[in-house]
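So the structure is just underneath, and the comments pick up after that.
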Amino acid sequence: MSHQLLFLVLIFLLAAVVAVPFAKKIGLGSILGYLIAGAILGPFGAQLFSNVSGLMHLSEFGVVFLLFVIGLELKPARLWVMRKSVFGIGGTQVLLGTLVLSAASFALGLDLKLSLIVGFALSLSSTAFALQYLGERKQLTTEYGRSAFAVLLFQDVAVIPVLAILPLLFVGLGTESALPPWVGILVVIAILTLGRHVTRPIFRMIASSRSREVFTSVTLLMVLGVAALMQTVGLSMALGSFLVGVLLSDSEYRHELETDIEPFKGLLMGLFFMSVGMMINTELLVENPLRIFGLLLLYLVLKFSSLFLTGKIFRFSNETSRHLSFSIVQGSEFAFVIVSLLLQGNILGGETADTVILMISLSMAMTPLLGIFNDRVLSKAFQSPPKPFDEIDDEHPLVIVAGLGRVGQIVTRILRIKDIPFTALEQDPEQVETLRRFGNKVYYGDASRIDLLEKAGAPNAKYFILAIDDVESSVHTAEVVKQTYPHLKIIARARNRNHAFRLKDIGVHLMERETFWSSIQMTRALLMDWGEDEKMVDKTLNVFTKHDLEMLEGQYQRQNDREELISYSKQAGQQLVEVMRDDKKCADPSKC
């Protein structure tokens, strides 16, 4: 028996190691990797695992730890700052989605109470999937990216009370508690009232012992202990772990707690998704593909509609509402949790549960494909007309600033203090609106457009500050300005050495690498705090700066010969080390 258990553990680990990296490599994400691995190993695949229900009971602890981590990240203060978008947009989406999908579930034959729970489960979106999708596309900072994050945050919070009331709605679901409901309510109130006064001193005492193992053990004991208490009084284990996480969310040990729990959460969540994958009834898809894909299409259309309507209620543009809808149209990992609970309690029929799990899994798999369809087809077919550039008044500026990001804003603030007249141009309309809300005068326009530069007063200006973040846009703008207005002295921001080389090729007057001087100041602060003499620190940094600038020039001259460039860089680096060592020796007159 022990050999069989070891064999199954090895199979599980091997499947995870193979399937997850492969799924991530082709853009499907780790969750789908676990689902695919589970489907291959489970009763409808290779049949290596047959006791899926037993595996599910173990893997539920992954959900417990996941809710604990979510609780740690959900600081009440953070929720309060984002309350309008989280509770406004998020609450509206969950309400609309639940109503629409519950109505569809009721029409398909489920009773009213069960339809509401299934509708709620289907209205949720995958936090892990959606954030990965938006992050890879660098869309988290867009309007729809921020709105999607707010919706996902509300959904994570909304899951908790639903998991808590499930045992109350369906008698005997997940617990065998004979205690009346009011006992559970009192326990929750007691945890929220007394929890912070109990947990803080405990962790402070354990931390003073400086034993990492004991700290981890106490964390596990507290999370699992409160989860067990919740189950004893007839509530969800996940609710207990979430409450502990919230109580510790603003403690000084939050990051250490998250680090300690992460390995357990990751492993058990992988086991949970793999066990869900084992429940994917592929035979159902083979036997009746039209029905399954018909239901999947209905689900995606109804959820997309509720998301799109939510965007329009909050006066988003059609384009923003569409992007928001496509980014979080997939089903949620929490839907798996809810359906699994209903299935274990014999509340939801086996075929219905199989169908819902299959739909959620397929909706996740469809997310990358739907994103491609949105970008390549719908974005072109329904492309909004570009916002017209601002009419720029020629205020006879001496300086024109292109790009009002991190660098450009600092430059313009100092110019304003010194009463030096300038005109600021920014090509990102969202950035323009944000800056204007804070009282900044900035024009929406492309600094590489000659007609806009003409209106901005470039013919009579003296300096052109090139602070554009994007390298290609920066280089193109420098080329246009240098050719059209050769009298303008261009002072440019360079992101890195290669960017600096390209700007030197164009012939800019002066350029600064954006991280160079901040890195020098950070090193100075380190050496001073280390206890070194201030004059010696300044001398060291002056020598380093002079050498680095000389090396930059030498690398620029050799940039087209890679072998020579590498050889020169190695020699220059070694030369700097030797110069520094000589200076260190001469700090002691006896060694000079």
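In region 420-430, the condition of being surrounded by fewer than 19 Cβ atoms within 10 Å (Cβ to Cβ) and within 18 Å of N460 (Cα to Cα) is met by at least one residue. Can S519 be described as over 30 Å from K455 (Cβ atoms), among the hydroxyl-bearing types (S, T, Y) and over 33 Å from the mean Cα position of the chain (by Cα)? Considered against the rule, which asks whether it is over 30 Å from K455 (Cβ atoms), among the hydroxyl-bearing types (S, T, Y) and over 33 Å from the mean Cα position of the chain (by Cα), S519 comes out as no. Residues that are of a type in the set (S, T, N, Q) and either part of a helix (DSSP H, G or I) or outside the structural domain of D470 (by TED's automatic domain parsing) (or both) within region 408-427 comprise Q409, T412, listed in sequence order. Taking R315 as the residue in question, decide whether it is surrounded by fewer than 24 Cβ atoms within 10 Å (Cβ to Cβ) and either without any contact (Cβ under 8 Å) to a residue 24 or more places away in the chain or touching a His at 6+ places or on another chain (Cβ under 8 Å) (or both). Yes: the conditions hold for R315. Criterion applied to A353, A365, A335 was being under 20 Å from L152 (Cβ atoms), of a type in the set (A, V, I, L, M, F, W, C), touching a residue at least 60 places away in the same chain (Cβ under 8 Å) and surrounded by fewer than 20 Cβ atoms within 10 Å (Cβ to Cβ), and the one residue passing it is A365. Being more than 20 Å from I420 (Cβ to Cβ), at pLDDT 90 or above, buried (at least 16 other Cβ atoms within 10 Å of the Cβ) and in contact with an Asp or Glu (Cβ under 8 Å, 6 or more places away or on another chain) is a property that does not hold for A478. Counting only residues that are assigned to a helix (DSSP H, G or I) and under 21 Å from G294 (Cβ atoms), region 87-113 holds 9 of them. I'd like to check something: does region 448-462 contain any residue that is closer than 15 Å to L404 by Cα, surrounded by 15 or more Cβ atoms within 10 Å (Cβ to Cβ) and in contact with a strand residue (DSSP E or B) (Cβ under 7 Å, 6 or more places away or on another chain)? Checked region 448-462: no residue is closer than 15 Å to L404 by Cα, surrounded by 15 or more Cβ atoms within 10 Å (Cβ to Cβ) and in contact with a strand residue (DSSP E or B) (Cβ under 7 Å, 6 or more places away or on another chain). L168 falls short on exactly one of the conditions (1) under 25 Å from the mean Cα position of the chain (by Cα); (2) at pLDDT below 70, and that condition is (1). The test for being in contact with a helix residue (DSSP H, G or I) (Cβ under 7 Å, 6 or more places away or on another chain), of a type in the set (A, V, I, L, M, F, W, C), within 20 Å of S241 (Cα to Cα) and modelled with pLDDT of 75 or more holds for A158. Any idea which residue in region 276-314 is nearest to S125 (Cα to Cα), counting only those that are over 26 Å from the mean Cα position of the chain (by Cα) and charged (D, E, K, R)? Per the criteria, the residue is R291. Just to be sure, is I185 at pLDDT 70 or above, of a type in the set (A, V, I, L, M) and surrounded by 10 or more Cβ atoms within 10 Å (Cβ to Cβ)? So I185 fails the test.
The values are calculated or read from the model by the stated rules, or taken from the named source; none is laboratory data. Owing to the predicted nature of the structure, the values given are computational and were not obtained by experimental measurement. Note that we place each Cβ from the backbone using ideal geometry, even for glycine, and neighbour counts take in every protein chain shown.
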